[in-house]
Amino acid sequence: MTESTESTANATITCEKFLPHAPAAVWKALTDPDLHARWWAAGDVRPVVGHRFTLDMGNFGQQPCEVTAVDDERLLAYRFAEGTLDTTLTWTLHPEGEGTRLVLTHAGFDLDSPLGRQAYEGMDHGWPHVLDRLADALR
């Protein structure tokens, strides 16, 4: 499920997916660089507040990031594409039965900027596919 909210200067994408895996397994996929590279992008992601890393976004280049919040197996947030897109990704894990409901919130798109609008429109359609790849990587 994807939900989008817009205001002129700040748009947010929210996407969620139920994964039939324990929060520990989902957390590892979000925070282990080798697993992360399998479903989204290569980069030295680590669940440590203040940790700076880059994500290799292929044609979109190396995107600088900084971890801003961590609650083990519950929440990981980081600034994404600092200096260009300047958005924030927040991954929230909710235990549900024997699985996990993963909620992604991608916030801070500047719709007044051509880059911000293009990224918002592309990622609004792209995030569900990325979460499908995450589900595949966990299998």
*Residues of the range 89-130 being surrounded by 15 or more Cβ atoms within 10 Å (Cβ to Cβ), more than 17 Å from the chain's Cα centre (by Cα), within 14 Å of N10 (Cβ to Cβ) and touching a residue at least 60 places away in the same chain (Cβ under 8 Å), which ones?*
D110, L111
*Search the range 98-139 for residues being among the small types (G, A, S) and touching a Gly at 6+ places or on another chain (Cβ under 9 Å), and hand back the single one that is nearest to F80 (Cα to Cα).*
G108
*Counting only residues that are out of contact with any helix residue (DSSP H, G or I) (no Cβ under 7 Å at 6 or more places or on another chain), in contact (Cβ under 8 Å) with a residue 12 or more places away in the chain and assigned to a loop (DSSP other than H, G, I, E, B), how many does the range 38-71 have?*
6
*Give me a count of the residues in the range 15-33 that are within 19 Å of Y78 (Cβ to Cβ), touching a strand residue (DSSP E or B) at 6+ places or on another chain (Cβ under 9 Å) and surrounded by fewer than 16 Cβ atoms within 10 Å (Cβ to Cβ).*
1
*Mind checking which residues of the range 111-136 are over 23 Å from L19 (Cα atoms), touching a Ser or Thr at 6+ places or on another chain (Cβ under 9 Å) and of a type in the set (D, E, K, R)?*
D112
_Of all residues making up the range 10-37, the number that are among the acidic types (D, E) and in a strand (DSSP E or B)_ = 1
*Do we have any residue at all in the range 19-29 that's of a type in the set (A, V, I, L, M, F, W, C), within 27 Å of D110 (Cα to Cα) and touching a residue at least 12 places away in the same chain (Cβ under 8 Å)?*
no
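Bear in mind that the values in this text are calculations on the coordinates, not laboratory data. What you see is a predicted model, and the numbers here were worked out from it, not measured in a lab. Because the Cβ atoms are built from the backbone with ideal geometry, glycine has one as well, and the counts that use them run over all protein chains shown.
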